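Below is one structure, written out as structure tokens; the observations come after it.
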Amino acid sequence: MFKIVDRYIIKKYLGTFSFMLILLSIVVLVIDVQQKIPRIENAKNIDPKLDLVYFLIHFYPYWIVNLVVTFLSILVFISVIYFTSRMANNTEIVAIISSGASFHRFARPYLYTSILIAIISFSINHLVLPWANIKKNELEAYTYNQRNKDKILGTAPASAQLSKNEYIFVNSWNKRENRGSGFIFQRFDKDRRMTYELKASDVYWDKEKKQFVLNNYFEKTINKDDTEKLGHGFESRRSYGHTPEELFPNELLGQNKTTPELLKFIQREKEKGNSNLNSYLNELHQRTSMPVSIIILTFLALSLSSQKKRGGLGINLAIGISLAFIFVFSFEALKVVSENKSMSPALAMWFPNMVFLPITLYLYLKRANQ
């Protein structure tokens, strides 16, 4: 059963965290909207319905969900430092421990609350966040600068490896319209000898029938005796077992899949022989490592702020914000390192926790033994 002190600390924890969450969401939303208004207005040139009101309804609610989940552990960290420092300055912690409670007993509600938030975060990361990302990513490219927008919505050469012996090349593919020109499909045997080739001048994706439609196609089958069987036609429909988004994925695809879907996608890409999977593996491992960091950072914040210091709340917040910056920066830097294949994705996404965990244990035990 929770005692009065437990309920008091849990109420402080959740109340401060909720306040920080709402405050951050409002401030960041206002700043981001002001910064991206020119790009949102330019989006109207592509589609007249894409005005500011449309973005506020169909983009920013899901963008806020993504932002909150990304920085949830940092919000927890700063929230714990804030309300624990106030308790220390008001000598509440001294009074609780002087009444006979050990520091470990005092820390118990912190553990309960951080585990609760971590479980909620874990569930959202693996199941709910991908749904929000699908909504967000439908419009996010319109908020990018022109160079990054073209990577998501523009026209560029595209290629895909369907299996170890099957390949697709498109000379010019528009990701927004799912339409392109200069289509080539090739199949090889185990000796890397071409056995089949299909070319088409134009190709587009039929979303309803889930098929690629090839116009003005020419196909060639190469027999074992090197004779060729030729064929051509005006239109041919082909299904390659994947949508254009999966065949020609962009950097946002991993965010859109629930964890079971992402695992299937990664396994399928491995079977095809695709070795450029680190960005998707980073996404997979980060969904678990970030909730775990909530517990670690809760106890780090408790250890740093549970004693009354000269400088009070200000010095504790300064330390907390500095450590929060290091934590976030390390995650983003290690993502880049992993995507460049200089470190395994699992190690990259768990490394900040591996560094902060022993530091937290040392500071916590030191504080408990004082």
Could you tell me which of the residues Pro260, Pro249 is open to solvent by 30 Å² or more (accessible area, probe 1.4 Å) and in a loop (DSSP other than H, G, I, E, B)? Pro249
Residue by residue through the range 260-310, note down the ones that are modelled with pLDDT of 90 or more, among the hydroxyl-bearing types (Ser, Thr, Tyr) and under 30 Å from Ile168 (Cβ atoms). none
Say whether the condition of being more than 21 Å from Arg86 (Cα to Cα), in a helix (DSSP H, G or I) and either open to solvent by less than 10 Å² (accessible area, probe 1.4 Å) or of a type in the set (Phe, Trp, Tyr) (or both) is met by at least one residue in the range 305-328. yes
Quick check: is even one residue across the range 97-115 at pLDDT below 90 and in contact with a Lys or Arg (Cβ under 8 Å, 6 or more places away or on another chain)? yes
With the requirement that a residue be touching a Pro at 6+ places or on another chain (Cβ under 9 Å), over 27 Å from Lys36 (Cβ atoms) and open to solvent by 50 Å² or more (accessible area, probe 1.4 Å), what does the range 137-187 give you? Phe169, Asn171
Matching residues, the range 16-39, being surrounded by fewer than 15 Cβ atoms within 10 Å (Cβ to Cβ) and small (Gly, Ala, Ser): Ser18
Tally the residues that are open to solvent by 40 Å² or more (accessible area, probe 1.4 Å) and in a strand (DSSP E or B), restricting the search to the range 218-229. 6
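Can you tell which of Ser121, Ser102, Ser114, Ser98 is surrounded by 14 or more Cβ atoms within 10 Å (Cβ to Cβ), at negative phi and over 18 Å from the mean Cα position of the chain (by Cα)?
Ser114
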Looking only at residues that are exposed (fewer than 15 other Cβ atoms within 10 Å of the Cβ) and charged (D, E, K, R) in the range 41-90, which one is farthest from Glu138 (Cα to Cα)? Glu41
Flagged in the range 335-350 as farther than 15 Å from Thr70 by Cα, in contact with a Phe, Trp or Tyr (Cβ under 9 Å, 6 or more places away or on another chain) and part of a helix (DSSP H, G or I), in numbering order, are Pro345, Ala348
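Across the range 35-74, which residue is farthest from Ile295 (Cα to Cα) among those that are outside any helix (DSSP H, G or I) and touching a residue at least 40 places away in the same chain (Cβ under 8 Å)? Before the answer, list the steps.
Initial filter on the range 35-74 (outside any helix (DSSP H, G or I)): 44-51, 59, 71.
Right, trim to touching a residue at least 40 places away in the same chain (Cβ under 8 Å) and you get 46, 50, 59, 71.
On the way: Ile46: 45, Leu50: 41, Phe59: 30, Phe71: 14 Å.
Per the stated criteria, the residue is Ile46.
The values are calculated or read from the model by the stated rules, or taken from the named source; none is laboratory data. Owing to the predicted nature of the structure, the values given are computational and were not obtained by experimental measurement. Don't worry about glycine lacking a Cβ; one is built from the backbone with ideal geometry, like all the others, and counts go over all protein chains shown. When the accessible area is computed, the model is the full protein with side chains, heavy atoms only, and any ligands, DNA or RNA have been set aside. Shrake-Rupley method; radii C 1.70, N 1.55, O 1.52, S 1.80 Å.
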